[in-house]
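A short reminder: the numbers here are calculations on the coordinates, not readings from a lab. Please read all numbers here as calculations on a predicted model, not as lab measurements. Note that each Cβ is placed from the backbone with ideal geometry, even for glycine, and that neighbours are counted across all protein chains shown.
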C-alpha cells in the first residue's frame, strides 16, 4: 500500500476520514505546526496518521481509516512508516493513547512492540471512555526496538 507524507491536495479526504471517526481534526492547524507530521495511505487516500515530533519523541495523535477500508493493512502500513521515520530521526520514544474498547488498534500496537503504561480515566470527551497509554522505546543509535513490558493489564485482544 502506498504510504507518503500528506500532500495539501489530500486535505479534503483526510478531513472526511477524520470526520467519520470519533475525533475532530483541524487539518489546517496541524499542517501549520512545524512539529506535526501527517502521512497518508492509499491512492486515493483511505487512511492517515498524525504524529507530533517533540525533541526525541513522537506522539501519535490520530490514526484513522475509512470504514470501508478497515482491516486492509492501511493502519499497519502507516505505523510501519512512522517507525521507519522514527529510526531515521533517532527517535527514542513513541507514545500514544488508544480507547480501551478499540481491540483492533490495541492488537496492532502490541504487534509492533508497544507496551501499556497507564490509563487516562475519562480521556475521550464524547463518552468519557478511558484511554490506555502505550509506549514504544527505540535505541536511537541502532534503531532497534527495546523490549518492554506492560505496566497494566490489558483487555484481551
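Things worth noting here:
- Ranked 123, 109, criterion: other C-beta atoms within 10 Å, fewest first: 123, 109
- Unit Cα scatterers, Debye sum, the range 1-140: log10 I(q)/I(0) for q = 0.14, 0.16 Å⁻¹: -0.62, -0.84
- Centroid-to-centroid, using Cα positions, the range 28-88 and the range 108-154 are 16 Å apart.
- Normalised by the number of residues in the chain, the mean separation of alpha-carbon contacts (under 8 Å, six or more apart) gives a relative contact order of 17 percent.
- Cut-off 20 Å, label 7 Å out along Cα→Cβ of residue 117, residues of the range 138-157 by amide N: 138-155
- Normalised Debye scattering of the range 13-73 at q = 0.30 Å⁻¹ gives log10 I(q)/I(0) of -1.34, counting only Cα atoms as equal scatterers and leaving out solvent.
- Each residue in 101, 142 was given a count of other beta-carbon atoms within 10 angstrom of its own, and listing them fewest first yields 142, 101.
- Of all DSSP beta bridges confined to the range 18-157, the antiparallel ones make up roughly 85%.
- Computed log₁₀ I(q)/I(0) - Debye formula, equal Cα scatterers, no solvent, the range 81-157, q 0.19, 0.21 Å⁻¹: -0.78, -0.90
- Estimated translational diffusion coefficient (Stokes-Einstein, Kirkwood radius over Cα pairs, 4 °C, 1.567 mPa s) of the range 41-121: 97 µm² per second.
- Modelled spin labels at residue 126 and residue 99, positioned 7 Å past Cα toward Cβ, are 0.6 nm from each other.
- With the highest mean first, a sort of the peptides 41-47, 53-59 on other beta-carbon atoms found within 10 angstrom per residue produces 41-47, 53-59.
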